[in-house]
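The values are calculated or read from the model by the stated rules, or taken from the named source; none is laboratory data. Every value quoted in this text rests on a predicted model; they were computed, and no experiment measured them. Counting neighbours? That spans all protein chains shown, and the Cβs are built from the backbone with ideal geometry, glycine included. With ligands, DNA and RNA removed, areas are computed over all heavy atoms of the protein, side chains included. Shrake-Rupley method; radii C 1.70, N 1.55, O 1.52, S 1.80 Å.
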Amino acid sequence: MSGRIRASGRPSMAAIARRDLTVVLRSRAVVLPIIIVPIVLFVGLPLLLAAALQLGRDQLGELEALLVVMPLSIRDRLGDGPIVQQLLVYLIEYQFASLFLIVPLMVAAVIAADSFAGEKERKTLEALLYTPTTDAELYVAKLVAPFAAASGVGLAGYAAYLVSANVVAAIVAPDIGRLVALT
């Protein structure tokens, strides 16, 4: 097999990617982490943040020292409202934002691992290697499914985060005056 992608190989690449996604959707051990982790990170953490800020409003003054040592560019973006509002904006826009990098990586890694290891486990690897695809086509086909799933989960997670972050903002600091996660 050569290392080039042929135009005639694209249908087989699409079939391999579709098959990988179908196998993933049928596997409960793969689908559950892909669903549960984003829900916990994008919905559960903001709701937990709302509860913590509501219950600990009296102790938030101790965190003013954190706000004072922040770079001026970040402090300007936090606004000059009450400390609960500044902490809310800081946590939602700066601290939780890195989670959007973790989730698609996790999804892609889980699906890619299942794609290659699953072929060996299901004893379909030999049949896949005998298909009329080049090594490059097989490699790209095996990358398309994790990329597509990670992109979809990332977009759905972002939508869920937008809703939950703004619900939290409406509960904790109703006078915030802007959509938190869109800025």
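Among the chymotrypsin sites (Phe, Trp or Tyr not before Pro) in the range 68-166, those placed in a DSSP loop whose Cβ has at most 14 other Cβ atoms within 10 Å are Tyr130.
With unit charges on the beta carbon (Lys/Arg positive, Asp/Glu negative), name the residue among Ser12, Gln85, Leu101 whose Cα is farthest towards the positive pole of the charge dipole of the chain. Result: Ser12. Across the options Leu66, Ala127, Leu55, the greatest Cα extent toward the positive end of the charge dipole of the chain (unit charges at beta carbon of Lys, Arg, Asp, Glu) belongs to Ala127.
Cβ-Cβ distance of Leu143 and Leu99, R₀ of 22 Å, FRET efficiency by 1/(1 + (r/R0)^6): the value works out to about 0.40. Ellipticity at 222 nm from helices only: DSSP H runs of n ≥ 4 in the chain, each -39500 (n - 2.57), divided by the residue count, give -22000 deg cm²/dmol.
For the range 62-183, the relative contact order is 34 percent, taking Cα pairs closer than 8 Å that sit 6 or more residues apart in sequence and dividing their mean separation by the residue count. The region of the chain that goes longest without hitting one of the trypsin sites (Lys or Arg not before Pro) in a DSSP loop, each with at most 14 other Cβ atoms within 10 Å, is 7-121.
The dipole here belongs to the chain: it is taken about the Cα centre, uses +1 on the Cβ of Lys and Arg and -1 on the Cβ of Asp and Glu, and is about 920 debye.
This structure gives mean projected area of the Cα convex hull in nm², computed directly, and of (1) 10.0; (2) 11.2; (3) 13.6 that value is listed as (3).
Counting only protein heavy atoms and a probe of 1.4 Å, the accessible surface of the chain is 69% carbon and sulfur. On a per residue basis, the chain carries 57 Å² of accessible surface, using protein heavy atoms and a 1.4 Å probe. If R0 is 25 Å, the Cβ-Cβ spacing of Val163 and Ile35 corresponds to a FRET efficiency of close to 0.90.
The slack between Leu60 and Arg26, meaning 0.36 nm per residue of separation minus the straight C-alpha distance, is 7.6 nm.
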